[in-house]
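Everything below concerns the one structure shown next.
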Amino acid sequence: MKKIQSLAAIGAVAALTLSACGNSDDSSDDSASGSSEGLTQITVGASPVPHAQILEFVQENLAEDAGIEIEITEYQDYVLPNTALQSGEIQANFFQHIPYYDEAVAENDFTFDRGEGVHIEPYGVYSNTIDDLADLPDNAKIGITNDPSNQARALELLQVNDLLTLEDVDSPTIYDVADNPKNIEFVEAEAPAVPKLLPDVDIAIINGNFALQNDLVPSEDAIYLEEGEGNPYSNILAWNSESDSEVVEAAQTLDELLHSQEVSDFIEETWPDGEVIPAF
C-alpha cells in the first residue's frame, strides 16, 4: 500500500556529481544567433525526461510566436549542463532544482541567473520486496545516490519515516546518521544508476526523472512518494547573467513560456498521475 506524504522541511543540499552522455553543440557560443526565419535561437541543455519533453512542447507550440527558436542538447548528468553554460557552449539549461542550483552557484562562482520553479518531480522509494516502509527489515540495504544534493533529500525522507535520526546539520550525508536502529546499510551509486540497484537492495530512493527513464511510474510503483505541496525542489531554467543582452532576453522569454498556462496543462496531461507536477 503506497504512502504519499508531504516533505515540507527538507534539508539543504550540495552539488551533484554525475557523468554525462550528451554533448554540447560545438556551434553554440555566448550569444544567441538569428535563425533563417528571423527568430532568436537559444541552445538549452536539458535532462531527457521530463525537461527536454517540456522544451519540445514549447518549441512546437509557443516559441515561434514569442520570437525564439529552441535547440535542445540532452544531458544525462547534473555537472556538464552548468559547466557548459558557464563556458558558453550552451545558452541556458533546464535540469536542476533550486537547492542544487543555489549550492552549485555558491561553490563554483557561476555567474548565473534563474527563473522561478517550473515543475516538481516527486522523489520516491521503490522496492521489489516490500510494499510499505514500515516493513523494512533490520540490516536492510538501501540504494541511495552518492551526490550530496539528493543524498540529503533521501536521508530526510528516511528520517520523516522514523527509520533513522540525523545529526542537526544543514546538508546531511550518510556520515551524519546519529541513530540507525535498523542497522541500515547504504549502497551508494550515481543517480542514474540507483534504479539498477534493484532488486539487490531492499529499497532504492530514486530521483523522479531517473524513475521515469527506467519505466517506473512513481504514482504506481513507489511505496513512498513526496507530494508537490511544500516541496522546495522545483526545477528551474538557468542562464548566464553575463551573456549579451540578446541571450538574456531570449532566456527570459523562454522562462515566461515555461510558466504559461499551456505548459501547466501539458505537464498535467502528459503526467496525469502526478509523476511531474507544475510548480506555478
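The values are calculated or read from the model by the stated rules, or taken from the named source; none is laboratory data. Treat the numbers as computed from the prediction; the structure is a model and nothing was measured. Note that we place each Cβ from the backbone using ideal geometry, even for glycine, and neighbour counts take in every protein chain shown. For the accessible areas, the whole protein counts, side chains as well, though only heavy atoms, and no ligand, DNA or RNA atoms are used. Shrake-Rupley method; radii C 1.70, N 1.55, O 1.52, S 1.80 Å.
Before moving on, here are some points about what is shown:
- Sequence-distant contacts, meaning Cα pairs under 8 Å at least 6 residues apart, place the relative contact order of the chain at 31 percent.
- Computed 3J(HN,Hα) for segment 271-276, one whole-Hz value per residue from the Karplus formula 6.51 cos²θ - 1.76 cosθ + 1.60 where θ = phi - 60°, is 10, x, 9, x, 5, 9, glycine and proline marked x.
- The calculated 222 nm mean residue ellipticity attributable to helices in the chain amounts to -8000 deg cm²/dmol, summing -39500 (n - 2.57) over DSSP H runs of n ≥ 4 and dividing by all residues.
- Taking 266, 280 and ordering them by how much accessible surface each has at a 1.4 Å probe, largest first, produces 280, 266.
- Farthest positive-ward along segment 49-153 dipole, Cα basis, beta-carbon charges - from 76, 112, 140: 140
- Taking every DSSP beta bridge that has both ends in the chain, the antiparallel portion is near 50%.
- Cβ-Cβ FRET estimate between residue 242 and residue 280, R0 fixed at 25 Å, reported to 0.05: 0.40
- Treating r as the C-beta distance of residue 132 and residue 170 and R0 as 22 Å, the FRET efficiency rounds to 0.10.
- Compared with the alpha-carbon gap, the fully stretched path from residue 79 to residue 200 is longer by 40.8 nm at 0.36 nm per residue.
- The distance separating the Cα centre of segment 38-111 from that of segment 136-170 comes to 30 Å.
- Environment charge at residue 46 (Cβ cut-off 11 Å; Lys +1, Arg +1, Asp -1, Glu -1): -3
- Each Lys and Arg contributes +1 and each Asp and Glu -1, all at the Cβ; summed about the Cα centre of the chain, the dipole is approximately 820 debye.
- Along segment 242-255 the Karplus relation, 6.51 cos²θ - 1.76 cosθ + 1.60 evaluated at θ = phi - 60°, assigns HN-Hα couplings of 9, 5, 5, 4, 5, 5, 4, 5, 5, 5, 5, 5, 4, 4 Hz to successive residues, with x for each Gly and Pro.
- Label assignment, Cα extents along the principal axes in Å derived from the structure, set [x] 63, 38, 30; [y] 66, 47, 31; [z] 61, 42, 29: [x]
- With the simple spin-label model, which puts each label point 7 Å out from Cα in the Cβ direction, the residue 56 to residue 179 separation comes to 4.8 nm.
- Potential lengthening between residue 229 and residue 102 on full extension [0.36 nm per residue; Cα-Cα distance subtracted]: 43.7 nm
- Heavy-atom surface of segment 38-122, accessible at 1.4 Å and reported per residue (Å²): 34
- Other residues with beta-carbon under 13 Å from the beta-carbon of residue 184 carry, at +1 per Lys or Arg and -1 per Asp or Glu, a net charge of -4.
- Karplus-derived 3J(HN,Hα) values for segment 77-92, using 6.51 cos²θ - 1.76 cosθ + 1.60 with θ = phi - 60°, are 10, 10, 9, 4, x, 7, 5, 5, 5, 5, 7, x, 5, 10, 10, 6 Hz; glycine and proline are entered as x.
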